[in-house]
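Structure, as structure tokens:
Each reported figure results from applying straightforward, stated rules to the coordinates on display, with no laboratory input. Predicted, not measured: the structure shown is a model, and the values here were computed from it. Note: ideal-geometry Cβ built from the backbone for every residue, glycine included; neighbour counts use all protein chains shown.
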Amino acid sequence: MMVSHLRSGAPCKISPRGASMIMRKVRDQPRTTRQDLVNDLKRAGTTFSKKTISNTLRRHGLKSCSARKDPLLKPAHVQARLTFANDHLDDPEEEWEKVMWSDETKIELFGLNSTRRVWRKKKDEYNPKNTIPTVKHGGGNIILWGCFSAKGTGRLHRIEGRMDGAMFREILANNLLPSVRALKMGRGWVFQHDNDPKHTARVTKEWLRKKHLKVLEWPSQSPDLNPIENLWRELKVRIAQRQPRNLKDFGVGQNPCCSVCKPGQDLQETARESEGKEIKMARSAKATFVLCLDVGFSMSNSAPGQEPPFQQAKKVIQKFVQRQVFAENKDELGLVLFGSDNTKNDLAKDGQYQNISVHRRLMIPDFELLEDIQNDVHPGSQQADWLDALVVCMDLLQNETLGKKYERLNIVLLTDLNSQSSPDQLDIIIGSLKRAGITLQFILPFPVDGGGSSPPHGGKGLSREQQQGLEMTKQVMMSLDEEDGLDEVYTFSDAIEKLSVFKRIEKRPMAWPCTLTIGSSLAIKIVGYKAVCEERPRKSWSVVDAQTHQKDDVKRDVVYCLNDDEETEVQKDDTIQGYRYGSDIVPFSKVDQDQMKYKTDGKSFAVLGFTKQSTINRHQFMGTQVLKVFAPKDDEHAGVALSGLIRALDEMKMVAVVRYVYARNGNPQVGAAFPCIKSKYECLVYVQLPFMEDLRQYTFPSLENNKKYTPSEDQLSAVDSLIDSMMLEDGEKNDLFKVNHIPNPQYQRLFQCLHYRVVNPSAPLPPMDPWLTAALQRPLAVATRCHSPLETLKKKFPLKEVVKKKELKTSKELFGKSTDEPDAKKAKVDEEEDFNLADITEGNITQVGSVDPARDFRTLIRQKRLPFGEVCQQLTGRIEQLLGNKNMIYYMKCIPCIQTFREQSVQVGNADHYNSYIQSLKKSIPVRGLQEFWDMLVQDTLTLINKEEVEGSTFSIHDAKQFLTADLKKEMVEAPVVDDTGDVDDLLDMM
């Protein structure tokens with residue numbers, strides 16, 4: 001039996017009818033206050049307090065909130081915003097990083113337009129603490145224009161007076177373009193501003209067009225979409241905290257943000273945070289390093305023939321800094337020198353912390369720091385306590401990182417420990433390192449486990465100071481990390497070797513969320529990550545002035561002109577794209593190009609079917625990337641479904657053939673998704689497969705057609721032995737040549753040369769580093785194994801130099817007949833002498849093609865399947881076809897054809913076809929406008945074939961020379977009449 005007990009607490013004072021009236025009033029008029037509701041109930045005959053009203057509303061799920069500001073939108077504005085969102089829904093994050101956001105804002109200095117509540121006693125309403133300062137008509141204000149991007153904040157400009165279009169363009173010229181250069185936005189950046197009339201004026205658009213600025217299309221009435229609004233809010237909050245009473249208190253100088261926050265630091269962090277709120281860009285955490293270098297006089301001492309520890313430490317510093325410069329990250333770096341002749345640090349008081357100098361405070365490393373290290377860091381004549389230097393580094397880190405977020409704080413100490421150190425404060429220093437979360441690394445001239453018997457640098461053993469310093473180093477490192485502390489102590493030689501390889505650019509993986517679909521009823525949420533992708537350095541080459549080395553001193557203007565005598569200038573808007581199809585050009589407008597693009601429904605990873613893994617060959621892999629596909633981290637159902645698919649594919653040795661589309665504006669691909677099961681994860685590995693047009697089908701004749709060149713069993717065995725000896729796997733299947741561990745030599749050499757050129761502006765570039773050259777050589781184990789098989793291979797395949805006899809092209813040899821051996825045998829010998837790889841790869845050529853006419857002509861002449869005259873006619877037809885395009889590319893393709901035509905005519909001993917064609921070509925030059933092509937013929941001296949070259953020619957050497965120098969505009973002198981050779985032809989026919 002169930003008994004219903006009364007609920008504890010006082011009964012509700014407001015009746016259900018009264019509560020319904022309150023809810024109806026609030027629902028119809030959300031801005032109704034509690035006092036209004038009290039008055040309404042009072043007029044109805046009941047009296048309640050405001051607290052009772054509040055409790056009633058809360059019981060019904062309502063609470064008092066500040067009304068959000070929302071732009072007043074018309075239906076057209078809503079449609080424009082929706083279209084903008086759909087167009088950019090699938091844009092990758094890299095595209096948003098290229099946007100330079102901008103806007104104007106007004107900041108009230110007095111009488112802030114926001115509600116404030118205060119707790120006060122009765123009659124204290126006019127106490128200054130309980131008031132908000134106001135002035136007549138709202139008080140002073142300031143109008144600012146600013147910009148920012150993913151790389152940081154740009155310039156902040158104060159607008160004085162009324163801004164019109166001319167002032168806006170001046171602001172862009174003086175602030176926008178310098179900000180882009182300062183932030184190193186690179187090429188392809190996009191400018192964003194709203195649709196203010198000053199921004200969309202015709203003159204402003206023309207100015208942007210002339211500056212070649214790409215503008216992001218922006219929907220009207222959409223200030224809330226601009227991430228710069230978060231930046232303005234932060235700026236206004238900081239100004240409100242300062243409570244300025246006039247413009248002087250506000251500090252509006254040349255750059256107002258200087259008085260609000262530290263430029264490039266706090267406000268820049270706010271810019272990054274605000275942008276992340278809008279477009280959620282992934283960023284890697286920053287780290288900071290302080291390099292503490294011992295420059296005392298003991299660092300300059302070394303044994304004869306040995307490099308001083310100072311020079312080794314300096315190399316370590318240089319390599320570390322240049323790695324950071326080329327890594328293109330935001331890590332900050334400082335440099336402290338101890339043992340220097342001067343003292344420059346914040347703790348140098350009362351004679352303490354002397355001979356310690358902060359050479360560079362925490363900043364992003366640059367080429368200027370590399371130059372300073374090269375030219376300004378020298379050995380000193382003093383000694384300093386390395387523990388004091390460590391304390392100065394800790395103080396520098398704590399002061400410079402105050403209020404910032406860093407993933408790692410690190411101090412690197414480079415010293416020989418050959419100075420007096422006091423261990424009195426060692427425990428305090430260790431405790432401070434632990435509390436501050438600072439990690440420590442030592443780089444010494446000698447190994448930490450060498451003890452007192454190990455010589456520091458090829459000389460005597462360790463000194464007493466060094467032994468004491470080494471024990472203190474061990475104590476510090478073991479206290480910070482009991483297990484692996486000593487692993488952070490390196491020698492100079494080990495550090496130089498490890499730092500010689502430039503660090504690759506670290507990038508956080510960017511997720512590609514999508515849905516894997518199988519048919520119309522099965523969908524699995526997935527996330528893709530790039531597993532393999534070609535790395536390209538972000539820094540690119542720029543054109544600078546040869547004298548000043550400044551990029552801004554070089555201006556580049558692109559002008560479009562007609563191909564006429566006056567070179568009439570044409571505006572870019574008056575040009576369209578054209579597709580060259582043979583000798584014709586098919587015009588394509590912007591509308592045509594947009595309509596031609598493949599329209600997709602967005603991202604896609606749809607399974608088209610399944611096939612055996614054996615049907616997908618390795619040589620069919622293509623594309624520029626490999627994707628690993630996982631289930632979303634917190635989606636258990638997707639994880640179970642995808643795991644089942646992966647394991648089924650693995651058990652059945654199958655792959656999924658999928659249709660892959662990266663984004664809405666991307667072209668579709670067809671690829672294979674392979675199952676990948678590891679001990680820690682499982683995923684699908686997607687690789688792009690070729691379409692029909694991507695395949696290259698070639699037919700080669702068999703190498704076994706000619707029995708003379710068929711290898712013997714001994715030769716085949718020798719090749720097999722060589723292949724076995726060069727296998728990159730040892731007996732335990734360990735790869736001896738791991739390509740994924742080898743740095744790209746192109747980038748390593750580039751960075752090496754860039755660093756060398758910075759510190760040595762006029763010296764020749766150095767040779768490639770030996771370690772890089774050695775990294776590309778065969779592994780030592782492989783080179784040793786293959787030595788003997790290589791010698792055997794040389795013996796089995798002896799090489800002999802074949803000197804080809806120069807053929808004498810005389811009439812006797814052309815028409816004569818040797819009695820020593822029959823013609824068939826001579827032809828066979830000649831064929832054997834002319835045998836080369838081209839005979840194998842040329843295939844079955846039946847006519848002169850358009851891809852390589854010169855090669856086809858030579859092949860047909862060598863095959864002797866067609867009459868010489870017919871082959872010449874085919875070649876001249878191809879030359880005329882190419883000349884019809886009237887383009888330098890086709891001219892350059894015609895020159896080898898005429899060269900080959902002349903060479904083969906000389907070899908065959910028939911000059912009539914060539915001389916006849918070259919004469920007719922010259923006559924047509926003025927009419928066809930081929931003067932440029934004729935100049936190329938003259939430059940290559942492609943003249944007539946004279947009697948000295950071919951006996952049957954009717955031209956002398958003088959005629960051939962005169963042929964190229966004669967004026968084209970004059971009537972060509974008729975060539976001498978060729979003797980009638982009809983009788984000879986008839987005689988040959990009868991033979």
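Separation of region 378-405 and region 855-914, taken as the distance between their Cα centroids, equals 77 angstrom.
Close amide H pairs (under 5 Å, H built 1.01 Å from N) link MET654 with GLN613, residues at least 5 positions away or on another chain. Whole-percent P(r), region 711-796, all Cα pairs, 10 Å bins from 0: 15, 30, 24, 18, 11, 3, 0. With 0.36 nm allotted per residue and the present C-alpha distance subtracted, the GLN420-GLN620 stretch has 65.3 nm of extension available.
Annotation: amide H-H contacts under 5 Å for ALA384 (H modelled 1.01 Å from N, sequence separation of 5 or more, or interchain): GLY339. The phi torsions of region 624-636, fed into the Karplus equation with coefficients 6.51, -1.76 and 1.60 and a -60° offset, translate into couplings of 10, 7, 10, 9, 10, 10, 10, 7, x, 4, 9, 9, 5 Hz, rounded to whole numbers, with Gly and Pro shown as x. Among VAL78, VAL782, the order by Cβ neighbours within 10 angstrom, fewest to most, reads VAL78, VAL782.
Under a 5 Å amide H cut-off, with hydrogens placed 1.01 Å from N, VAL99 pairs with ALA150, VAL190 among residues at least 5 apart or on other chains. Spacing of the modelled spin labels on ASP372 and TYR681, each 7 Å from Cα toward Cβ, amounts to 4.0 nm. The calculated pair-distance distribution of region 492-622 uses every alpha carbon pair, bins of 10 angstrom beginning at 0, and gives 7, 14, 19, 25, 20, 12, 3 percent. Remark: region 789-802, residue by residue, has Karplus-estimated 3J(HN,Hα) of x, 5, 5, 4, 5, 5, 6, 6, 10, x, 10, 10, 6, 9 Hz, where x stands for each Gly or Pro and the curve is 6.51 cos²θ - 1.76 cosθ + 1.60 at θ = phi - 60°.
If the chain between ASP650 and ARG508 were fully stretched, how many nm would it gain, using 0.36 nm times the residue separation less the Cα-Cα distance?
Contour length minus the Cα-Cα distance gives 48.2 nm.
What list do you get for ILE845, ILE723 if you sort them by fewest beta carbons within 10 Å? Fewest to most other Cβ atoms nearby, the residues stand as ILE723, ILE845.
Kirkwood hydrodynamic radius computed over region 305-499 comes to 17.4 Å, based on all pairs of distinct alpha carbons. What separates the Cα centres of region 562-629 and region 311-353 is a distance of 51 Å.
For region 653-716, chymotrypsin sites (Phe, Trp or Tyr not before Pro) are listed when DSSP marks them as loop and at most 15 other Cβ atoms sit within 10 Å of their Cβ; the list is TYR681, PHE691, TYR698. Model label points for ALA173 and SER956, set 7 angstrom from Cα along the Cα-to-Cβ axis, are 7.1 nm apart. Our coupling estimate for region 591-600, obtained by passing each phi through the Karplus curve with A = 6.51, B = -1.76, C = 1.60 and θ = phi - 60°, is 5, 4, 5, 5, 6, 6, 5, 6, 9, 10 Hz, Gly and Pro reported as x.
By the count of other C-beta atoms within 10 Å, a proxy for reagent exposure, PHE797, PHE84, PHE751 are ordered fewest to most as PHE797, PHE84, PHE751.
What's the FRET efficiency of LYS551 with ASP40 using the Cβ-Cβ distance as r and R₀ = 60 Å, to the nearest 0.05?
Working: r = 71 Å, r/R0 = 1.18.
Once rounded, the FRET efficiency stands at 0.25.
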